[in-house]
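Let me begin by presenting the structure, written as structure tokens, before commenting on it.
Read the figures in this text as sums done on the coordinates, not as results from a lab. Note that the structure is a prediction, hence the values are computed from the model and not measured. Cβ sites come from the backbone with ideal geometry, for glycine too, and all protein chains shown count toward neighbours.
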Amino acid sequence: MPIAYKILKGSTLCYVRYWGHITLQENIDVAQRCTSEPDFRHGMPHLFDFREVTGYERDLVKMFAMQARIAELYPEDRGEQLVIFCAPPGVATEMVELARKSWESSTAILIRSAQNWDQACDIAGVAQSELMTLS
């Protein structure tokens, strides 16, 4: 699976790294595994690293099903959820725009995007050294 995640110990950040071609089922699978981790907390910021994404599945029916499942995993009544995307121009930025559009009616999901790693770490409030072994 071209997706890996890590909940940083002593931090309130979930880091999710993507690479290669991403399927919608892989997104659902990683979200389910992540939210079942003992260290997972609703409301913890998520940093999604799309720097190495080369493509993604473009099936609207599956995309709506994925969004519905993710909405169940991250219910709005659990508070605000900061989502940070590190997405250079190209395919990665397309993925961010799809995510932004699908969550634009949400009052709980706050989406921020950065085109480079420095910006993403600044928005997340973490030192790059904390994420060096993960990226």
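For residue 68 and residue 116, the difference between the fully extended length at 0.36 nm per residue and the C-alpha to C-alpha distance is 14.4 nm. Calculated from the alpha-carbon coordinates, the chain shows an Rg and a Dmax of 13.7, 39 Å respectively.
Can you list the lysines whose alpha carbon sits under 27 Å from that of residue 62, skipping same-chain ones fewer than 8 residues off? Straight-distance partners of residue 62: 6, 101.
What trypsin sites (Lys or Arg not before Pro) does the range 36-65 have in DSSP loop regions with at most 15 other beta carbons within 10 Å?
Of the trypsin sites (Lys or Arg not before Pro), the ones in loops of the range 36-65 whose Cβ has at most 15 other Cβ atoms within 10 Å are 41, 58.
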